[in-house]
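For reference, the structure is listed below as structure tokens.
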Amino acid sequence: MNRYIFIGLLCFVIGACTHHTTGFYEGPRYLSFVNEKGADTAFISFANYPGASTHEVAFVLKLTGNIPEEDLTYRLEVVDSLTTAGTTDYQLPEHLVFRKDRVTDTLVVTVMNSNPLLTEQTLSVGLRIVANEHFRPGLDGQQRAKLTFTAVKSKPEWWKGELESLILGEYSSKKMEEFILCTGVNTLEGVELSVARAYTLQFKRYCIEHNIMWDDNVTPMVDKIPCY
């Protein structure tokens, strides 16, 4: 008798677990911006992209819930309190689609280098995920993304840490401009140090060959580059 009771209880537990798991995965889908290491914010200076009239910035979206078997649309709204840019200063995709068979996807925002104000100040646009028939917003701290852009010469956010102390050295707008002219590279974001070192050694040779000076017009630029 005890044997049959045990088997009956075991079947009940398995059935309950199966029902619970199925219910969880068939629940609502939640969409969030990835925010690790500030990934939900971005700063762009067109001064670091000479000649560029537009620039694309990618934000990563992550899904919590059942992975879709077909492409699903989602909704965003502009957050007025985080936005100083006009509607002609940026562009969102015509169709906001989270693609099938994925747990992450990318939102690409295009900013325009056409507003005269960009030479004097920064503009920003804030975006928030809002509910539609396919997705609900994720956790409160992961519902928003903010993009700030300007044409004012400024130190890129990636110019820091070992890239600054071991490779490039102290930032100046002149060093940045000459680096771009030499290498054709306007960002080292996400680049391995070995690759950054190769570019910087190329830049050092360029500075020597063209006698490029530091901002004071006295110190050779090469003396301000620690990479060797």
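The values are calculated or read from the model by the stated rules, or taken from the named source; none is laboratory data. A quick note: this is a predicted structure, and the numbers were derived from the prediction, not measured. Cβ atoms come from the backbone with ideal geometry, glycine included; neighbour counts cover every protein chain shown.
The figures follow:
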{"read-out": "Residue identified as outside the structural domain of K37 (by TED's automatic domain parsing) and modelled with pLDDT under 95 among P156, P220", "value": "P156"}
{"read-out": "Tally of residues being within 19 Å of K204 (Cβ to Cβ), of a type in the set (V, I, T) and assigned to a loop (DSSP other than H, G, I, E, B) across the stretch 147-186", "value": "1"}
{"read-out": "Number of positions in the stretch 89-130 that are part of a strand (DSSP E or B) and more than 15 Å from H55 (Cα to Cα)", "value": "10"}
{"read-out": "Tally of residues being under 20 Å from L76 (Cα atoms), of a type in the set (A, V, I, L, M, F, W, C) and crowded, with 20+ Cβ neighbours inside 10 Å across the stretch 29-47", "value": "2"}
{"read-out": "Any hit, the stretch 131-141, residues being touching a Pro at 6+ places or on another chain (Cβ under 6 Å), assigned to a strand (DSSP E or B), at pLDDT 95 or above and more than 19 Å from E36 (Cβ to Cβ)", "value": "yes"}
{"read-out": "Long-range neighbours under 7 Å by Cβ, at least six apart or interchain, first residue under 18 Å from L72 (Cα atoms) within the stretch 116-145, second of a type outside the set (A, V, I, L, M, F, W, C) and exposed (fewer than 14 other Cβ atoms within 10 Å of the Cβ)", "value": "R128/E77; V130/E77; N132/T73; H134/T73; R136/P28"}
{"read-out": "Boolean, E164 is at pLDDT below 95, under 23 Å from the mean Cα position of the chain (by Cα) and under 22 Å from T41 (Cα atoms)", "value": "no"}
{"read-out": "Among the residues listed as K100, K62, the single one being in the same structural domain as A145 (by TED's automatic domain parsing), of a type in the set (K, R) and more than 16 Å from the chain's Cα centre (by Cα)", "value": "K100"}
{"read-out": "Conditions (1) free of Cβ contacts under 8 Å to residues at least 40 places away in the same chain; (2) over 30 Å from F98 (Cα atoms); (3) over 23 Å from the mean Cα position of the chain (by Cα): number failed by L193", "value": "(3)"}
{"read-out": "Meets criteria (within 19 Å of the chain's Cα centre (by Cα) and part of a loop (DSSP other than H, G, I, E, B)) for P68", "value": "no"}
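Yes or no, residue by residue, for (1) surrounded by 18 or more Cβ atoms within 10 Å (Cβ to Cβ); (2) closer than 20 Å to E157 by Cβ:
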position: K175; (1), (2): yes, yes
position: T187; (1), (2): no, yes
position: Q202; (1), (2): no, no
position: N211; (1), (2): no, no
position: D216; (1), (2): no, no
position: Y228; (1), (2): no, no
